[in-house]
Amino acid sequence: MRPYAELDAGALRNSILKGERSVREAMREALARIDALDPALHAFLSVHRAQALERAVELDRALGAGERPGALFGVPVALKANMCLEGREVNCGSRILAGWRPPYTATFVQRLLDAGAVVLGMTNMDEFAMGSSSENSAFGPTRNPWDPARTPGGSSAGSAVAVASGMVPIALGSDTGGSVRQPAALTGIYGLKPTYGRVSRYGLVAFGSSLDQVSPFARSVRDLETVMAAISGRDAHDATCLDEGPLAPEEPGDPPRLAGLKVGVPREHFGEGLEGGVRGACEAALAVLERLGATLVPVSLPHTGYAIPTYYVVATAEASSNLARYDGVRYGLRAHGADGDGSLQGMFAATRAKGFGAEVKRRILLGTYVLSAGYYEAWYGRALKVRALLRADFEQAFGQVDVIAGPTSPVPAFPLGEKTDDPVAMYLCDVLTVPVSLAGIPGLSVPCGFVEEGGTRLPVGLQLVGPSRGDARVLRVARAFEAATGFSRARPPLAGADGGRA
Amino acid sequence: MASQEPRPAESGPETVRRVAELARLDVTDAEAAALGAQFARILEQFRVLEKLDVSGVDPMVGASLAGDVRRADEPVPSLPAEALLANAPRRIGDFYGVPRTVGGEEAG
């Protein structure tokens, strides 16, 4: 029997259905691996040990009674701590929501449960998903399993690390400007941000509502396809959700052929600031796609240089509005102002001052500024127009090519602490992912090689970008690349990993 | 009209204080000073947006492909009050308790 940590979700489900292990045994293997590794990595904020084992017993009983197993039957999953599961703590990595238990379950979480998955716990994240390193979590950073002195990226750091280190085969994150694709790249796994509207946001705590998308992590493309088929599709609770059924894989059968596929290579994604090793790994990956039959076509996305300011104006504006709800009245922390119990306004301002961390405050203030009277048109209004130009760049490129490929992150995993004092340097981590978010189109980070840094091997991600609704297409290209290379099967060196072996 | 737009790079501790009031967020003097300096730097970088000619460009207000979605105007059940009040920092009967805003003794 193959060890738990080597199995993707599909293989684990098969192992259970073949009778090699029960769901309960699989949960024990998952929990043992978390116990062995998480003290050093800090992927989880909470582990639902008893509930997971109880549910495992129910699933084993259902299987024994002849019930038809779902597509994720018996698969342990982890959720980013901004996803609602009724009755479980969802704190968004923030002191202001410490202890908050949602009174309802998110649509996408319910769909995972309906497919037979078992939620093992909630994972660490930058506070309210604002950050690219996990260092903005109020509960301490998550560490990269490839080198614990480095960040795994962010904001969905815990979910990425839980998958990369073999604690769970799949996990959900949320991607607003790169928060799933960048940590996927930095930890050597797959991370898909779907087309905006593909997955319902009902039950995802809002950050930037015109950008947020629930986005899965996995160690195989097949698993990503299974998760997407489970969680996507129309939902009456989210008016921005596409009125379509679940996402179905394009051209089933492995490996898909890429003959005739045109891959756009944007010169702006291979420009200044791209680390040499990352460039080398991505160029080698493009050569693999070419060998598989694809044609590489140079394309231009001329407004790329405007994407960071556009994103940080739009996202902070939306965040300042979304986070206005945390005022100490209905849930979360309540603090009283200098005037004691006296004023309602004092309570609001004191609660927010005490409850939010530095980066969240910075973004709320920046967002309030760009929306304030006298500045709205010059900043927010203008950013919305530049956003339209960024989308037009992609539309023009997709007139010539089927997918676009380039690096996910300009740099590999960087040391914890390196960028914490410099917000602008941290924002630049997102330069290659935010244009895709602003355009609302799908982006998939694929493990595509390694760089050596100070004697440490660090993973590199290739971002495959598709046109609007082109999710299945980028997955198909990734499946072909996966079959031709072994990068997604490389696992990080882990002290204490034997604790997870069956 | 571009000529009517104010110069959009005003920053510094005074701006931070004014914006913090709008955002209902207490900031200390030290925070205002530090954030003011950061704002100046961030906004300076963001001024690159001013260089683009955006005349005639329609703003992209969102990324939704769903169009205008409506449902029938019929009442549907909502979450029970008890479940929602369970997270209240302070509860007075079936209400959220907050500091009194108009005259008299505070109840509860």
Residues satisfying the stated conditions in the stretch A:225-248, i.e. among the hydrophobic types (A, V, I, L, M, F, W, C) and either touching a strand residue (DSSP E or B) at 6+ places or on another chain (Cβ under 9 Å) or not in a loop (DSSP other than H, G, I, E, B) (or both) = A:Val227, A:Met228, A:Ala229, A:Ala230, A:Ile231, A:Cys241, A:Leu242, A:Leu247
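Against the definition (more than 14 Å from every other protein chain (Cβ to nearest Cβ), in contact with a Pro (Cβ under 9 Å, 6 or more places away or on another chain) and aromatic (Phe, Trp, Tyr)), how does A:Phe450 come out, yes or no?
It is true that A:Phe450 is more than 14 Å from every other protein chain (Cβ to nearest Cβ), in contact with a Pro (Cβ under 9 Å, 6 or more places away or on another chain) and aromatic (Phe, Trp, Tyr).
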request  = Identify, by number, the condition in (1) in a strand (DSSP E or B); (2) loosely packed, with under 15 Cβ neighbours inside 10 Å that A:Val263 doesn't meet.
outcome  = (2)
request  = Determine if the stretch A:39-61 includes at least one residue that is touching a strand residue (DSSP E or B) at 6+ places or on another chain (Cβ under 9 Å) and assigned to a loop (DSSP other than H, G, I, E, B).
outcome  = yes
inquiry  = Criterion first (touching a strand residue (DSSP E or B) at 6+ places or on another chain (Cβ under 8 Å), facing chain A (nearest Cβ under 9 Å) and over 30 Å from A:Tyr376 (Cβ atoms)) does B:Ala83 satisfy it?
reply    = no
ask   = With respect to the numbered conditions (1) in a strand (DSSP E or B); (2) at positive phi, which one is the sole condition not fulfilled by A:Leu120?
value = (2)
task = Could you tell me whether any residue of the stretch A:287-307 is surrounded by 24 or more Cβ atoms within 10 Å (Cβ to Cβ), in a helix (DSSP H, G or I), facing chain B (nearest Cβ under 10 Å) and modelled with pLDDT of 95 or more?
result = no
note = Taking the stretch B:47-67 and keeping only residues that are more than 7 Å from chain A (Cβ to nearest Cβ) and over 26 Å from the mean Cα position of the chain (by Cα), one is left with B:Lys51, B:Asp53, B:Ser55, B:Gly56
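Considering only the stretch A:192-224, how many residues are over 20 Å from A:Ala490 (Cα atoms) and either hydroxyl-bearing (Ser, Thr, Tyr) or assigned to a strand (DSSP E or B) (or both)?
12
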remark   = Selection from the stretch A:323-338 of residues within 23 Å of A:Thr176 (Cα to Cα), buried (at least 19 other Cβ atoms within 10 Å of the Cβ) and of a type outside the set (Ser, Thr, Tyr) yields A:Leu323
request  = Go through the residues of the stretch A:5-17 one by one and say whether even a single one is surrounded by fewer than 16 Cβ atoms within 10 Å (Cβ to Cβ), farther than 19 Å from A:Ile170 by Cα and without any contact (Cβ under 8 Å) to a residue 24 or more places away in the chain.
outcome  = no
inquiry  = Tally up the residues in the stretch A:339-370 that are over 30 Å from A:Glu89 (Cα atoms) and surrounded by fewer than 21 Cβ atoms within 10 Å (Cβ to Cβ), please.
reply    = 2
query = So which of B:Ala34, B:Ala86, B:Ala40 is surrounded by 10 or more Cβ atoms within 10 Å (Cβ to Cβ) and in contact with a Gly (Cβ under 9 Å, 6 or more places away or on another chain)?
reply = B:Ala40
The stretch A:266-286, residues that are over 18 Å from A:Val465 (Cα atoms) and in a helix (DSSP H, G or I) = A:Gly276, A:Gly277, A:Gly280
request  = Within the stretch A:245-260, work out how many residues are surrounded by fewer than 16 Cβ atoms within 10 Å (Cβ to Cβ) and at negative phi.
outcome  = 8
query = Counting just the residues of the stretch A:429-480 that are closer than 16 Å to A:Glu395 by Cβ and charged (D, E, K, R), which one comes out surrounded by the most Cβ atoms within 10 Å (Cβ to Cβ)?
reply = A:Arg473
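Does any residue of the stretch A:346-366 turn out to be hydroxyl-bearing (Ser, Thr, Tyr), at the interface with chain B (Cβ under 8 Å from one of its Cβ atoms) and out of contact with any strand residue (DSSP E or B) (no Cβ under 7 Å at 6 or more places or on another chain)?
The answer is no, given that none of the residues of the stretch A:346-366 is hydroxyl-bearing (Ser, Thr, Tyr), at the interface with chain B (Cβ under 8 Å from one of its Cβ atoms) and out of contact with any strand residue (DSSP E or B) (no Cβ under 7 Å at 6 or more places or on another chain).
The values are calculated or read from the model by the stated rules, or taken from the named source; none is laboratory data. From a predicted model like this one, the values you see are computed outputs, not experimental measurements. Cβ coordinates were reconstructed from backbone atoms using ideal geometry, including for glycine residues, and neighbour counts include every protein chain displayed.
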